[in-house]
Each structure stands twice: as structure tokens, then as C-alpha cells.
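The values are calculated or read from the model by the stated rules, or taken from the named source; none is laboratory data. Note that the structure is predicted; figures quoted are calculated from it, not measured. Please note: Cβ atoms are built from the backbone with ideal geometry, for glycine as well, and neighbour counts cover all protein chains shown.
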Amino acid sequence: MIKIKNVSPFGDLDVPLLGQFVKSGEVVDVDEAHAALLLIQPLNYAPGDKAAEAFLKALSAAAPAEEPAASIPDDAGKGETA
């Protein structure tokens, strides 16, 4: 189990994924799959202990790099008339 902490600026949270309310500042145990989904929301959840910090670091290292945004050619739309 992974410990996560509710750090949300909104206080207590109803977390349907967990089927429970998590009070502001409360640390709860969740399985790795749920931790992976919740810890990618750093404004709401933080690792609750050293093991959770290591889990998040490993999760971040395993995440694929973001794709660059598609670019629009500089000449796009030139020569067209309405």
C-alpha cells in the first residue's frame, strides 16, 4: 500500500475512486494503481511517507516524455481568399 496525503486547497475531498472522504491533511493507504492516478494531481495529493516519495519518483521516471505540440506551418492560410 502507498500512503498519500490530501493537500488540496479545497479541504476535505470526496474521492469516488477510493469510495471515501479524505479529510484535509489526512494520510490514507491506497494501492499502487490508485496512487498512480492520484499522485499525478500534485495540487490535491502528495506522498504521505518516504516510500510514497520513492514510488512517485519511479512513476515519474517511467512516464513517457510529452509529445511536442503540433506546429502550424508559417505559410498556412497564405494565398487563400474567402
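In this structure, does Leu17 turn out to be more than 16 Å from Met1 (Cα to Cα), modelled with pLDDT of 90 or more and under 14 Å from the mean Cα position of the chain (by Cα)?
It is false that Leu17 is more than 16 Å from Met1 (Cα to Cα), modelled with pLDDT of 90 or more and under 14 Å from the mean Cα position of the chain (by Cα).
Out of (1) modelled with pLDDT under 95; (2) buried (at least 16 other Cβ atoms within 10 Å of the Cβ), what's the single condition that is false for Tyr45?
For Tyr45, the failing item is (1).
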